[in-house]
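Down below is the structure, laid out as structure tokens.
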Amino acid sequence: MNGWTGQILRVNLTAKTFKKETFSEDFARKWLGGRGFAVKILFDELAPGIDPLGPDNKFIVALGPISGIPAPNTGKAIVAGKSPITGGYGDGNLGTRVAEQLRRAGFDALIVEGRADGPTMLVIQDDKVEFLPADEVWGKGTYETNDWIYAKYGKGVGVLNIGQGGENMVRYAVVRSLEGRAGGRTGMGAVMGSKLLKAVVVKGTNPIPQADLAGMKKSGAGDLREVQQMDKKAGWSIQGTNGVLAWCNEVNALPVRNFRKTQHPDAWKVDGERLNNARVATYGCPNCTMRCGIAIHDDEGREAELDYENVALLGPNLEIFDLAQMASLNYLCDDYGIDTMSSGCVLSFYADAIDHGAVAGTYGFNDLKGSKRLLGEIARRSSDIGNILAEGSMRAARKFGHGSIDYAMQVKGLEVAAYNCKFIPGMALAFGVSPIGAHHKESWIITFELKQTSRESYGPEKAQKVIELQRIRGGLFESIVSCRFPWIELGWGLESYPKYFNLVSGLNWTLDDFWVISDRIYSLIKLFWLREYPQTDRKADYPPAVWFDPANVDTEGPIAGKHLEYDKYDGLLQHYYDLRGYDKRGIPTKATLERVGLAEEGRAAEKYGKLT
Ligand code: PTT
Ligand code: SF4
């Protein structure tokens, strides 16, 4: 089957067995790969209500038809499972050599089941699958673990590994891959840890099946050069993702002091220009000619790679305006293997809760020493408070009480990304309706919203744009599995993706074919959530309450006195549901399910939750 290897590797850690399974061309065309494969497998194979941190959950690595192919930015993989932080469908996208190596080993996906009887490293070399002890690195951080693996297998292998955060099942533990790369902030590192799976190592030597190998090679090589030229001209990778920090500060969208403030006069100290000036190394994902991983030395002399989300949430959000200090928090998150974004939000929430008297404690904003100590206690669950904060801000707020849930910056349990939507309705909607909890990756509407529409508007144009972006970002890029940055940051044409797809598959698809798959994937994710939360209602798609709070407004500047309004937000949400064909709880109607080819899945879900 061109375009896909046609095989999935299924591994059972309890029984230490594995088998190769084939999938049909119909399955491939219906679900494409990556997120599409992951949600379909999880929907079909997980019984609703299972413990995401128990042996019944599955850890999936899924690739797409262009993953690992020498073409722009294809060194990406999806990690997925039932999320320990949200209890719904969870996934993440990370740069890794696994993208190419697993496909070369002959597989488009890996499904890991069960629970090992001791710390384990799964090693896949083409047909050979080994379950090796990992006791030597259990309890160690991701840097040491990576070095240990490289020393055994060389640097060319694909690696996924976890740190102490994953081992101790911190609900927002991530999976680490290469230098500076991490993903699965919905807790995929904790899912690995719950299975005692310390690492996955992959090496493959077969060609990836492609219909027009010569055509793809020529096109891919030319496009890699062109993207490089475009980046040189645009200068995007000079500041990388942190280039956006100065703009967020300028437009009152920066998270400062647990999102209480939207701007800070010292923000320039941690902006993209300062980051570039401090650069000591550059990292990137495989097959990338616009590498954006900027590393600097932290305040203890260690190398840490910084992205905007990390800088904003571990810096200004904690009122830390020193890049080297902030970098040390980033380094610790990377080494422990916990999500920088949730970590930043959890710490800021804790400081805010102490400030507001919801809980007693000595931690506060601008407390570098306290932040370092707490990250260690969280990753190891080594103190009472570390143990509570390891559960995420929603569960911590439930514990603290005193109305603190209102300023726990999360949606569906997942902490929000670094865009302060106190008065940005469209981006707030993007967080609200993101299918995995608050994440900017599905729909980054903020630049369109602030540059091309009125900030005040709650009109249908914003709901329409959120859907358009979800189709591209959460649908196309997460299931063809490739980095979206050439398109977003350099304006690389979307039509390249059907071109690559057609060259590898021999089919003749247009972008419209991908939008159909994307809508199918979003609908199935909704059904997954419905089975887990049959009583769900539209309130689950609301952003944090503090953004609606008149007591939380900016007191000066262009958005002084402004906040989100409940009625208007609800209207915007309704526009979104109407355009998507969802009912008033935000669940696809039977007619919508029929239209996207999910009638059967709808009937299966209906046993648990009502469909209209
Ligand atoms: C992603 C989320 C992000 S999104 C960032 S910074 W960003 C944080 N990075 C972390 C990190 O680093 N260490 C850590 N311990 N935790 C971290 N958590 C946070 O994780 C990433 C880039 C970036 S940098 C972004 S936006 C783009 N994301 C893409 C995406 O989602 N899909 C896609 N098709 N292409 C993308 N390209 C870009 O990739 P999650 P990476 Mg990450 C150190 O996974 O769970 O989605 O969370 O993947 O390989 O590091 O590349 O300003
Ligand atoms: Fe990775 Fe950045 Fe390149 Fe995307 S642009 S593939 S995130 S290094």
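The values are calculated or read from the model by the stated rules, or taken from the named source; none is laboratory data. Predicted model only: the values in this text are computed from it and were never measured. Here the Cβ positions follow ideal geometry from the backbone for every residue, glycine too, while neighbour counts run over all protein chains shown.
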Segments classed as helices (runs of 4 or more DSSP H), wholly inside the range 181-269, with at least 1 members that are touching a Cys at 6+ places or on another chain (Cβ under 7 Å) and within 30 Å of Gly158 (Cβ to Cβ): 236-239
Filter pass, Asn258 being surrounded by 24 or more Cβ atoms within 10 Å (Cβ to Cβ) and within 19 Å of the chain's Cα centre (by Cα): no
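So for the range 180-192 (the condition being among the charged types (D, E, K, R) and within 16 Å of ligand 2 (Cβ to nearest atom)), does at least one residue qualify? Give the derivation first.
First, the residues of the range 180-192 that are among the charged types (D, E, K, R): 181, 185.
Subset that is within 16 Å of ligand 2 (Cβ to nearest atom): 181, 185.
There is at least one residue in the range 180-192 that is among the charged types (D, E, K, R) and within 16 Å of ligand 2 (Cβ to nearest atom).
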Any chance the range 405-418 includes a residue that's more than 30 Å from Glu468 (Cβ to Cβ), touching a His at 6+ places or on another chain (Cβ under 8 Å) and in contact (Cβ under 8 Å) with a residue 24 or more places away in the chain? yes
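Okay, residues lined up against (1) within 16 Å of ligand 1 (Cβ to nearest atom); (2) under 18 Å from the mean Cα position of the chain (by Cα); (3) part of a helix (DSSP H, G or I); (4) not charged (D, E, K, R):
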{"site": "Ala397", "(1), (2), (3), (4)": "no, no, yes, yes"}
{"site": "Asp406", "(1), (2), (3), (4)": "no, no, yes, no"}
{"site": "Gly426", "(1), (2), (3), (4)": "no, no, yes, yes"}
{"site": "His440", "(1), (2), (3), (4)": "yes, yes, no, yes"}
{"site": "Trp444", "(1), (2), (3), (4)": "yes, yes, no, yes"}
{"site": "Ser454", "(1), (2), (3), (4)": "no, no, no, yes"}
{"site": "Gln470", "(1), (2), (3), (4)": "yes, yes, yes, yes"}
{"site": "Gly475", "(1), (2), (3), (4)": "yes, yes, yes, yes"}
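Tally up the residues in the range 1-26 that are assigned to a helix (DSSP H, G or I) and without any contact (Cβ under 8 Å) to a residue 12 or more places away in the chain, please. Give the derivation first.
Going through the range 1-26, the residues assigned to a helix (DSSP H, G or I) turn out to be 25-26.
Next, from what is left, pick out any that are without any contact (Cβ under 8 Å) to a residue 12 or more places away in the chain: 26.
Adding up the residues that qualify gives 1.
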Residue that is touching a Ser or Thr at 6+ places or on another chain (Cβ under 6 Å) and not assigned by TED's automatic domain parsing to the domain that holds Thr340, where the choices are Gly493, Gly413: Gly413
Out of curiosity, is Thr205 β-branched (Val, Ile, Thr), within 29 Å of Ala105 (Cα to Cα) and modelled with pLDDT of 95 or more? yes
Could you check Gln239 against (1) outside the structural domain of Leu332 (by TED's automatic domain parsing); (2) surrounded by 20 or more Cβ atoms within 10 Å (Cβ to Cβ); (3) within 16 Å of ligand 1 (Cβ to nearest atom) and say which number it fails? (1)
Could you list, in sequence order, all residues of the range 63-100 that are under 24 Å from Gly506 (Cβ atoms) and away from ligand 1 (no atom under 13 Å from the Cβ)? Pro65, Gly68, Ile69, Pro70, Ala71, Glu100
Against the condition under 24 Å from Asn249 (Cα atoms), surrounded by 16 or more Cβ atoms within 10 Å (Cβ to Cβ) and not hydrophobic (A, V, I, L, M, F, W, C), how does Pro543 come out, does it pass? yes
Is it true that some residue in the range 314-322 is surrounded by fewer than 18 Cβ atoms within 10 Å (Cβ to Cβ), modelled with pLDDT of 95 or more and not assigned by TED's automatic domain parsing to the domain that holds Arg176? yes
Looking only at the range 53-63, decide whether some residue is touching a Pro at 6+ places or on another chain (Cβ under 8 Å), over 30 Å from Met169 (Cβ atoms) and in a loop (DSSP other than H, G, I, E, B). no
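Pick from the range 69-90 the residues that are within 20 Å of Pro286 (Cα to Cα) and in contact with a Gly (Cβ under 7 Å, 6 or more places away or on another chain): which of them is surrounded by the fewest Cβ atoms within 10 Å (Cβ to Cβ)?
From the range 69-90, those within 20 Å of Pro286 (Cα to Cα) are 69-79; that's our starting set.
Okay, now just the ones that are also in contact with a Gly (Cβ under 7 Å, 6 or more places away or on another chain), so 69-71, 74-76, 78-79.
Values: Ile69: 26, Pro70: 17, Ala71: 25, Thr74: 26, Gly75: 27, Lys76: 31, Ile78: 29, Val79: 29.
So the residue we want is Pro70.
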From the options Ile445, Ile436, Ile472, residue that is hydrophobic (A, V, I, L, M, F, W, C), in contact (Cβ under 8 Å) with a residue 12 or more places away in the chain, over 23 Å from Ala351 (Cα atoms) and out of contact with any Phe, Trp or Tyr (no Cβ under 8 Å at 6 or more places or on another chain): Ile445
Within the range 271-313, which residues are buried (at least 24 other Cβ atoms within 10 Å of the Cβ), β-branched (Val, Ile, Thr) and touching a strand residue (DSSP E or B) at 6+ places or on another chain (Cβ under 8 Å)? Ile294
List pairs: first residue in the range 356-374 and assigned by TED's automatic domain parsing to the domain that holds Phe259, second residue outside any helix (DSSP H, G or I) and among the aromatic types (Phe, Trp, Tyr) anywhere in the structure, Cβ distance under 7 angstrom, at least six positions apart or on different chains. Gly370/Tyr363; Leu374/Tyr363
Selection within the range 579-594 - free of Cβ contacts under 8 Å to residues at least 60 places away in the same chain and not in a loop (DSSP other than H, G, I, E, B): Tyr582, Lys590, Ala591, Glu594
